[in-house]
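**Student:** Shown below is the structure under consideration.
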Amino acid sequence: GADDFGFLDALLARLVAMGVADPLRIHLVGISNGGMMGFAYACRRAEKIASLVAFKATMAADAPATCRPARPLPVLMANATQDPIVRWDGRVVLAGLVDLHPRLPVEDGFRLWLDRNHCAGEAPRAMLPQLGSLDAPRIQLRAGACPVDAPVLLYAIVGGGHRLPGGESSLLFRALGRASPDADAVRMVLDFTLPQRLP
């Protein structure tokens, strides 16, 4: 029964009132469940944010019918093909055993934002330069042929798990799958968000 949308509205208003946030340069960045909340907020409040970055997240199953953003919104998605928790096919699996509520497959979420941003299909795909070992997960960059102020990017981490690009490979995180060394999550966020602002 929590009002997550109202909470985020109030939080953003408070940060702007405190002088912490520029109202024209508010960006949502979420990982896993936070990315899913980011998608939901973007569908309802696109006029309040300059861009959305969602790692390891998918959209609600009913998003094709319910996601009607007020404006085209710059969106960056980063998902892994071997994620054991947020699966490429949209399944969300708890501890590798229990299926939670079904969600939209990654491909469908990407195509949804291409449609909402009035993109003319998908641009040619490209692999990022290989920075790790030959067997490390690789990253394929997929981009929409979109208006310059409404880019849509999907970083498909081929063979990666529920891990941020550039993440550590400690034993603690091995159960979540493999990270790709071919990009750094922080740099991805900064490169994408810094040029974006509300019109």
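The values are calculated or read from the model by the stated rules, or taken from the named source; none is laboratory data. Owing to the predicted nature of the structure, the values given are computational and were not obtained by experimental measurement. Reconstructed Cβ throughout: ideal geometry from the backbone, glycine too, with neighbour counts over all protein chains shown. Heavy atoms of the whole protein, side chains included, go into the accessibility calculation; ligands, DNA and RNA do not. Shrake-Rupley method; radii C 1.70, N 1.55, O 1.52, S 1.80 Å.
**Student:** Excluding residue 127 itself, calculate the net charge of residues whose Cβ lies under 14 Å from the Cβ of residue 127, where each Lys or Arg counts +1 and each Asp or Glu counts -1.
**Tutor:** Charge balance in the 14 Å sphere: +2.
**Student:** To continue, here is another question. Angle check, please: helix 33-45 long axis (alpha carbons) against the longest principal axis of the chain (alpha carbons), in degrees 0 to 90, nearest 10.
**Tutor:** Once rounded, the angle reads 30 degrees.
**Student:** What list of ³J(HN,Hα) values in whole Hz, one per residue of segment 5-12 in order, does the Karplus curve 6.51 cos²θ - 1.76 cosθ + 1.60 (θ = phi - 60°) give from phi, with Gly and Pro shown as x?
**Tutor:** The phi angles translate into 5, x, 4, 5, 4, 5, 4, 4 Hz.
**Student:** Kirkwood hydrodynamic radius, segment 116-176, all distinct C-alpha pairs: what's the number in Å?
**Tutor:** Its Kirkwood hydrodynamic radius stands at 13.5 Å.
**Student:** Points 7 angstrom from Cα along the Cβ direction at residue 175 and residue 187: gap in nanometres?
**Tutor:** 3.1 nm
**Student:** Report the extension gain between residue 127 and residue 158 in nm, rounded to one decimal, defined as 0.36 nm multiplied by the number of residues separating them, less their alpha carbon distance.
**Tutor:** 10.2 nm
**Student:** Can you run phi through the Karplus equation (6.51, -1.76, 1.60; θ = phi - 60°) for segment 54-66 and list ³J(HN,Hα) in whole Hz, with x for Gly and Pro?
**Tutor:** Coupling constants for segment 54-66: 10, 9, 6, 9, 10, 8, 4, 4, 8, 4, x, 8, 10 Hz.
**Student:** If I take every Cα pair under 8 Å that is 6 or more residues apart in the chain, average their sequence separation and divide by the length, what percent do I get for the relative contact order?
**Tutor:** 19 percent
**Student:** Hey, another quick one. Quick one: which of 100-108, 6-14, 72-80, 28-36 comes out on top by average Cβ neighbours within 10 Å, and what's the full order, highest first?
**Tutor:** 72-80, 28-36, 100-108, 6-14
**Student:** Starting from the Kirkwood radius over alpha-carbon pairs of segment 66-112, derive D by Stokes-Einstein at 10 °C in a medium of 1.306 mPa s and give it in µm² s⁻¹.
**Tutor:** Result for D is 132 µm²/s.
**Student:** Using the Karplus curve 6.51 cos²θ - 1.76 cosθ + 1.60 with θ = phi - 60°, work out ³J(HN,Hα) for each residue of segment 151-162 in order, rounded to whole Hz, and write x for Gly and Pro.
**Tutor:** Going residue by residue, I get x, 10, 10, 10, 8, 8, 8, 6, x, x, x, 7 Hz, with x marking Gly and Pro.
**Student:** How much of the DSSP beta bridge set in the chain is antiparallel, as a percent to the nearest 5?
**Tutor:** That works out to approximately 45 percent antiparallel.
**Student:** Take residue 20 and residue 44, extend 7 Å from each Cα along the Cα→Cβ direction, and tell me the distance between the two endpoints in nm.
**Tutor:** 2.2 nm
**Student:** Under 5 Å between amide hydrogens, which residues at least 5 positions from residue 51 or on another chain qualify, with H placed 1.01 Å from N in the peptide plane?
**Tutor:** 28
**Student:** Taking all pairs of different Cα atoms in segment 37-115, averaging 1/r and flipping that mean, what Kirkwood radius in angstroms comes out?
**Tutor:** Mean inverse Cα-Cα distance, inverted, gives 12.8 Å.
**Student:** How are the C-alpha pair distances of the chain spread across 5 Å bins, as whole percents from the shortest bin up?
**Tutor:** Bins of 5 Å from zero give 1, 8, 15, 20, 20, 16, 11, 6, 2, 0 percent of pairs.
**Student:** Please report the antiparallel percentage of DSSP beta bridges with both residues in segment 62-171, rounded to the nearest 5.
**Tutor:** 65 percent
**Student:** How high is the FRET efficiency from residue 94 to residue 135, r the C-beta distance, R0 41 Å, rounded to 0.05?
**Tutor:** Working from the Cβ atoms, E equals 0.90.
**Student:** Which value at 222 nm does the chain reach when only helices count, each DSSP H run of 4 or more adding -39,500 (n - 2.57), with the total divided by all residues and rounded to the nearest 500 deg cm²/dmol?
**Tutor:** Taking each H run of at least 4 residues, the total per residue is -7500 deg cm²/dmol.
**Student:** Another question about this same structure. State the extension gain, in nm to one decimal, for the chain segment bounded by residue 11 and residue 145, taking 0.36 nm per residue of separation less the distance between their alpha-carbons.
**Tutor:** Here the segment from residue 11 to residue 145 would lengthen by 44.9 nm.
**Student:** Another question, then. Which trypsin sites (Lys or Arg not before Pro) in segment 107-165 sit in a loop by DSSP (not H, G, I, E or B) and have at most 13 other Cβ atoms within 10 Å of their own Cβ?
**Tutor:** 125
**Student:** So what is the relative contact order for segment 44-137, in percent, with contacts set as C-alpha pairs under 8 Å and at least six apart?
**Tutor:** Result for segment 44-137 is 25 percent.
**Student:** Quick one: dipole size for segment 1-50, taken about the Cα centre, charges +1 on Lys/Arg Cβ and -1 on Asp/Glu Cβ, in debye to the nearest 20.
**Tutor:** 100 debye
**Student:** I'd like to check one number: the per residue accessible area of segment 139-199, probe 1.4 Å, reported in Å² as a whole number.
**Tutor:** Using a 1.4 Å probe on heavy atoms only, each residue of segment 139-199 averages 50 Å².
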